[in-house]
Amino acid sequence: MKTLITPRKRSQTITLVVLLLLMGLFYYLQWPTRVRPLPTPEVAVHLPVADLTVWFERTPDQAELLAPGGLSGPVQATNWQANRSGINMLVQELVYPAGVLESRAEAIFADAMQADLSGFGGELTVLSSAGASSRQRVDYTLRDEASGRQYVGVLLARPPALVKMGWVFSDAERLPRVQAMIEKLNGIPSVP
């Protein structure tokens, strides 16, 4: 006796096979070893730099350098650097001999921005400049259209130290995170 598969049984068989495949795919994707854990955000870290509190998204690496200490150059430099989720943050504290920063603030700020321009490239735009030479602040950006990278910099005179902060990123969506870190600077107005 020969069994015939009727169109109705064939339709039911195809439906059953498709249903079993979809259920198998569902369980495969939901299996605990297949699910990636959610990233846990790191706690923001704040460090005292000169008379400021600087916020980092993660614990930065620190390096202390003794500068040659010429008459007008820094005698000590401390660098903090942290990379997190597409943003590279660098903070430098450059300590000058007594009276040098106050008397040469404009030239020192121009040299610092020129060093960033030569190291980063692109086009420099000064966003704001405020304060007296002993408590001056300059905010600026560098934009490299060819690579799509952007650098946001803040220079702060806190005699005898110059505090230089910079954030490098390539995606415009990261700009709000950078602005949030700038706004957390202790007692310093944010970038306009």
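The values are calculated or read from the model by the stated rules, or taken from the named source; none is laboratory data. Just so it is clear, the model here is predicted, and its values are computed rather than measured. Because the Cβ atoms are built from the backbone with ideal geometry, glycine has one as well, and the counts that use them run over all protein chains shown. Just so you know, the surface numbers come from the protein's heavy atoms only, side chains and all, with ligands and any DNA or RNA stripped out. Shrake-Rupley method; radii C 1.70, N 1.55, O 1.52, S 1.80 Å.
Taking region 147-179 as the range and being surrounded by fewer than 18 Cβ atoms within 10 Å (Cβ to Cβ) and of a type in the set (S, T, N, Q) as the test, the residues that pass are Ser147, Ser170, Gln179. Being aromatic (Phe, Trp, Tyr) and closer than 20 Å to Val45 by Cα holds for only one residue in Phe169, Phe120, and it is Phe169. In region 58-69, the qualifying residues are those that are open to solvent by less than 40 Å² (accessible area, probe 1.4 Å) and at pLDDT below 85, and the one that is nearest to Glu183 (Cα to Cα) is Ala67. Would you check which residues across region 129-146 are open to solvent by less than 40 Å² (accessible area, probe 1.4 Å) and in a strand (DSSP E or B) and list them? Within region 129-146, Arg137, Val138, Asp139, Tyr140, Thr141, Leu142, Asp144 qualify. Filtering region 90-112 to residues that are touching a residue at least 60 places away in the same chain (Cβ under 8 Å) and touching a Lys or Arg at 6+ places or on another chain (Cβ under 9 Å) leaves Leu90, Val91, Gln92, Glu93, Leu94, Tyr96, Leu101.
Looking across region 85-122, the residues that are in contact with an Asp or Glu (Cβ under 8 Å, 6 or more places away or on another chain) and over 20 Å from Pro48 (Cα atoms) come down to Ser85, Gly86, Ile87, Phe120, Gly121, Gly122.
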